[in-house]
Amino acid sequence: MSRYRCLFFLCIILSIIFIVTINTSFRWYQIPLTTSTTTTTNKMKMNEYNQKLVIKNDPDYDRFLINQMTEQTTTTTTTTMINITNQSSGKKKRKNQLLRHYSLILNENFNQLPWFMPNGTLRPSNNNNNDLILWPEEMTVNDDKSMNDRIINQLMYIPNNYDEQQFYPKGHRSLKKILLAFGKQSWPGLPMGRQIFIEDKCPVNACFIMSNKALIDKADAVIFKDRFIWPSKGRPSIKQIWILFLLESPLHTQVFSSLPSNVINWTATYRHDSDIVAPYAKFFTFNNSKHQTTKNYAKGKTKKVAWFVSNCGAKNKRLEYARELSRHIDVDIYGSCGEHKCPRSKANECLDMLNNDYKFYLAFENSNCRDYITEKFYLNGLGENRPDLNIIPIVMGAHPDDYRRSSPPNSYIHVDDFESPKQLAKYLNQLDQNDDEYNHYFEWKQQGLFINTYFWCRLCALLHANDNDNGKPTNSYENIHHWWTSISTFNIHDNDYNNNNTAYLYEKYNSTLANP
């Protein structure tokens, strides 16, 4: 009998030891690794383990995020953060008076450039920023000018109550957490955590990017890129900002007609009426004075019009237009739609050939939609990454007003300004015979430069704007489908060569939306 008792007590003791061991081991996995002897590899493994946990009501969650940030950021943040002090707002300024002042500095002094320009040191202040136009509903017709550009306003915006010292790791306030709805694979190359905001030296950098869908209830904003799919956990709070990010035209995106009202709070697209305008490129004009160019950009060019294209079935009938144009002027079409070849593997050599031989380039988009201006124009036409590229782009796609708003002044030729391809060819032949007139199209190179629009910096600033009077936390799109695909979205003109085709496509497109 005593033997059974001993066995019974032994089992109890072993059970207690086992429970204590398991509990201790589990708690060990929850502790952030901060000792100096811990290797980076072990930290990454622990980070992966923590991300697999569904963390709910965890008071140490912010500490977990900061630990995650520290592991993914290789440099200390203390040397790159900007000290910002809250000061009382004085007399209210007129809308965008601050930006007009920046323009004055650039024109008259040119000693200090805004921070978003190369070698720029002029940082924004959080004084009197309530007058900056940040949101599309604040715009008027008169505000829709270059110096009232909301991209620039957002880049030069700091909320009045923003103080970097109050946020982790220096203060107690939580970072604004941004969740990528479709994981990090939807944003190739984008670092998770706080790294992008520190590396880009964002004026407002208290934000954190994460990709674990299980943590949606911890996010301040969720961004849906290229499409919308309901999260499996639903929407944890109506205060959570849902952002729809789109870069394709409405004819090549998901249909949103079945999406209920007031689901999307903000939009981030190439359209200038988006909450966060995300253009393919941005030209910043800082000198409006005209300079007569001394260089002859036509010298050595022996050919007239070129076009690189692989999609031969674009819905706006751009190929048919180019072929009609070729009846009146020489047009060399490279790619599967033409007789000439220049493989993409030799992109730089193709651009060199284009630059040396041709005077004009067809920067035709695949859709005639408002504001839809892609790299076809900025890269191949204007040479965004090739300042030595000197060719006049001929454009088709967005409305002429959109090109005037988004492009360097007098840097392109729009097909909508001509009644027919024949009339356009007549004008191109005139330019081909007059070098002085041809060279006028390159004066813009003295008036500004292409800039980085720092999308993530602007998003972070606007998320913090929700904490003060400039924010709009309850706003949403009652009908996102109508906003994205209404008739005003399509570039339709009475004198447009492909007007009938564009109108037909619009009617056909929307008839399918009515019966998805």
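The values are calculated or read from the model by the stated rules, or taken from the named source; none is laboratory data. Since we're looking at a predicted model, the values are computed, not measured. Don't worry about glycine lacking a Cβ; one is built from the backbone with ideal geometry, like all the others, and counts go over all protein chains shown.
Structural remarks
- Candidate set: region 323-343, residues that are within 15 Å of MET396 (Cβ to Cβ) and free of Cβ contacts under 8 Å to residues at least 60 places away in the same chain; chosen: the one surrounded by the most Cβ atoms within 10 Å (Cβ to Cβ): VAL331
- When region 170-193 is filtered for residues that are among the aliphatic types (A, V, I, L, M) and over 16 Å from ARG227 (Cβ atoms), the ones remaining, listed by number, are LEU175, ILE178, LEU190, MET192.
- Filtered residue count, region 235-281, keeping only those that are assigned to a loop (DSSP other than H, G, I, E, B) and under 13 Å from ILE373 (Cα atoms): 10
- In region 417-508, counting only helices (runs of 4 or more DSSP H) that sit wholly within it, the ones holding 3 or more residues that are at pLDDT 70 or above and closer than 17 Å to ALA398 by Cα span 480-485.
- Scanning region 392-411 for residues that are more than 21 Å from the chain's Cα centre (by Cα), crowded, with 20+ Cβ neighbours inside 10 Å and closer than 16 Å to ALA281 by Cβ turns up PRO393, VAL395, SER411.
- Any hit, region 160-179, residues being touching a Lys or Arg at 6+ places or on another chain (Cβ under 9 Å), under 30 Å from ARG405 (Cβ atoms) and surrounded by 15 or more Cβ atoms within 10 Å (Cβ to Cβ): no
- Subset of region 362-381 (residues that are aliphatic (A, V, I, L, M) and closer than 20 Å to GLY335 by Cα): LEU362, ALA363, LEU379
- Against the numbered list (1) part of a helix (DSSP H, G or I); (2) within 30 Å of ILE487 (Cβ to Cβ), LEU382 comes up short only at (1).
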